[in-house]
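What follows is a single structure, written as structure tokens, with notes after it.
The values are calculated or read from the model by the stated rules, or taken from the named source; none is laboratory data. Quick caveat: nothing in here was measured; it's all calculated off a predicted structure. Here the Cβ is made from the backbone with ideal geometry for all residues, glycine too, and neighbour counts use every protein chain on show.
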Amino acid sequence: MAGTVTYTPETWGDRYTNRHGYKVTFTWTSNGSGVASGTTDEAYTGLIRTLITNPGSTAPTDDYDVEIRDSNGADLLVGSGADRDQTNSEAVNLSAPALVNDTLTLYVSGAGDSKQGVAIVMIE
């Protein structure tokens, strides 16, 4: 079993700039191997611009890794979710935003046994 993952999708929009997109919040708990994995039910279309990670109250092992994968298993963050901090929330703005038109799979590794956290993906 690959831990547990739930997700909450939200849409956002700015009527002044005509920008809109999605905020997908994944909440995860790792299994005994330090892994958590879960896939959205729906597909998202746009550019992944930002990843925000927040270690939970049962903090993961330092330098745990977060990937956002497409249905082919490719890491859309291209390694930008590696080595996340054990105690601090972190945000990374992708220098080359990833084009997505697919379901999203959160894959967390190296987190430790029964650890928790949150990963937020901003799509425009």
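Has region 72-87 got any residue that is in contact (Cβ under 8 Å) with a residue 60 or more places away in the chain and buried (at least 19 other Cβ atoms within 10 Å of the Cβ)? Taking every residue of region 72-87 in turn, none turns out to be in contact (Cβ under 8 Å) with a residue 60 or more places away in the chain and buried (at least 19 other Cβ atoms within 10 Å of the Cβ).
The residue pairs whose first member lies in region 40-60 and is more than 15 Å from Leu104 (Cα to Cα), whose second member is among the charged types (D, E, K, R) and assigned to a loop (DSSP other than H, G, I, E, B), and whose beta carbons are closer than 9 Å, counting only pairs six or more residues apart or on different chains, are Thr53/Asp85; Pro55/Asp85; Pro55/Lys115; Gly56/Lys115; Thr58/Lys115; Ala59/Lys115; Pro60/Lys115. Considered as a group, the residues in region 103-124 that are assigned to a loop (DSSP other than H, G, I, E, B) and polar (S, T, N, Q) include one that is farthest from Ala43 (Cα to Cα), and that residue is Ser114. From the set of residues in region 93-124 that are buried (at least 17 other Cβ atoms within 10 Å of the Cβ) and β-branched (Val, Ile, Thr), which is nearest to Asp75 (Cα to Cα)? If we take residues in region 93-124 being buried (at least 17 other Cβ atoms within 10 Å of the Cβ) and β-branched (Val, Ile, Thr), then Thr105 is nearest to Asp75 (Cα to Cα). Scanning region 13-40 for residues that are over 21 Å from Lys115 (Cβ atoms) and aromatic (Phe, Trp, Tyr), we see that the one that is surrounded by the most Cβ atoms within 10 Å (Cβ to Cβ) is Tyr22.
Under the condition of being closer than 19 Å to Ala98 by Cα and either at pLDDT below 95 or not polar (S, T, N, Q) (or both), the residues counted in region 11-30 number 9.
For region 36-93, how many residues are aromatic (Phe, Trp, Tyr) and in contact with a Gly (Cβ under 6 Å, 6 or more places away or on another chain)? Talk me through it step by step, then tell me what you get.
Initially, region 36-93 is screened for residues aromatic (Phe, Trp, Tyr), giving 44, 64.
If we keep only those that are in contact with a Gly (Cβ under 6 Å, 6 or more places away or on another chain) too, we end up with 64.
Within region 36-93, residues that are aromatic (Phe, Trp, Tyr) and in contact with a Gly (Cβ under 6 Å, 6 or more places away or on another chain) number 1.
Region 1-102 holds strands (runs of 3 or more DSSP E) entirely within its bounds, and those carrying 2 or more residues that are of a type in the set (Ser, Thr, Tyr) map to 4-14, 19-29, 36-39, 44-55.
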